[in-house]
């Protein structure tokens with residue numbers, strides 16, 4: 001009996017702290033959510049932590065129900081606005097395919113990748129192109145820069161801000177199955193990714209006068225590589 005009471009109290013505590021939960025609404029029966037809390041460090045920060053500031057209509061995983069959605073880049077979360085105005089985040093352990101319905105035709109997917117420390121993470125990427133044997137993704141980065149207090153009475157505090165950093169291309173098809181790999185920004189670092197065909201790819205880039213950092217040229221380069229495998 002004591003074990004039963006203790007278990008009930010633990011479950012109640014988790015629910016109160018806003019952990020993973022599944023709403024009773026049938027339209028959400030395929031999605032899991034967590035309730036987030038605002039970080040006080042973000043108060044009065046300049047800029048935005050969102051890829052798209054306003055919620056946009058979107059369809060998730062082909063579900064018939066249309067959701068209002070936005071991407072929180074800094075906290076690596078996808079937020080949903082429900083009918084009652086409540087904002088909830090999608091559970092990161094579930095894979096998502098998201099089609100925006102704002103007329104832009106943009107698609108997003110959650111995919112595993114390895115961060116700069118080699119740790120496996122999952123985040124959302126914009127899907128740019130799906131070719132034969134590969135998928136090209138795009139990711140914009142936003143960094144939170146904390147407030148810098150003035151060092152003396154002659155200076156002013158530097159307010160906290162959200163800083164947009166350089167966007168990156170990512171590729172699924174060269175790395176371990178299912179993972180996406182960040183494409184280096186310099187050509188001399190990009191070409192070695194093609195392994196034994198690196199020399200061939202270097203010549204193709206020069207012959208066709210391709211710029212691997214333009215979307216159209218990068219797609220041409222990847223099509224050439226994967227069709228030759």
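Taken together, the values in this text are just the output of simple stated rules run on the coordinates, not laboratory data. Source: prediction; values computed, not measured. For neighbour counting, all protein chains shown are included, and Cβ atoms are generated from backbone atoms with ideal geometry for every residue, glycine included.
Listing for the model above:
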item: Extension gain, residue 102 back to residue 57 (0.36 nm per residue minus Cα-Cα distance, nm); result: 15.6 nm
item: Relative contact order for segment 82-229, counting Cα pairs under 8 Å that sit 6 or more residues apart, in percent; result: 15 percent
item: Label-reachable residues, segment 162-187, where backbone N falls under 18 Å from a point 7 Å from residue 109's Cα toward its Cβ; result: 168-183
item: Separation of the residue 154 and residue 42 label points, Cα + 7 Å toward Cβ, nm; result: 3.8 nm
item: Spin-label model distance (nm) - residue 185 vs residue 217, 7 Å beyond Cα toward Cβ; result: 1.7 nm
item: Pair-distance profile P(r), taking every C-alpha pair of segment 181-229, with 5 angstrom steps and integer %; result: 5, 22, 37, 30, 7, 0
item: Per-peptide average of other Cβ atoms within 10 Å, ordering 134-143, 209-218 highest first; result: 134-143, 209-218
item: Exposure proxy ranking, count of Cβ atoms within 10 Å, fewest first, for 86, 79, 182, 177; result: 177, 86, 182, 79
item: Where a label projected 7 Å from the Cα of residue 177 along Cα→Cβ would reach, residues of segment 97-137 with amide N under 20 Å; result: 110-114, 120-122, 131-136
item: Residues 221, 120, 68, sorted so that the one with the fewest Cβ neighbours within 10 Å comes first; result: 120, 68, 221
item: Residue 164 paired with residue 203, simple spin-label distance in nm, labels 7 Å along Cα-to-beta-carbon; result: 4.1 nm
item: P(r) of segment 19-183 over all Cα-Cα pairs, binned every 10 Å from zero, in whole percent; result: 9, 34, 33, 17, 5, 1, 0
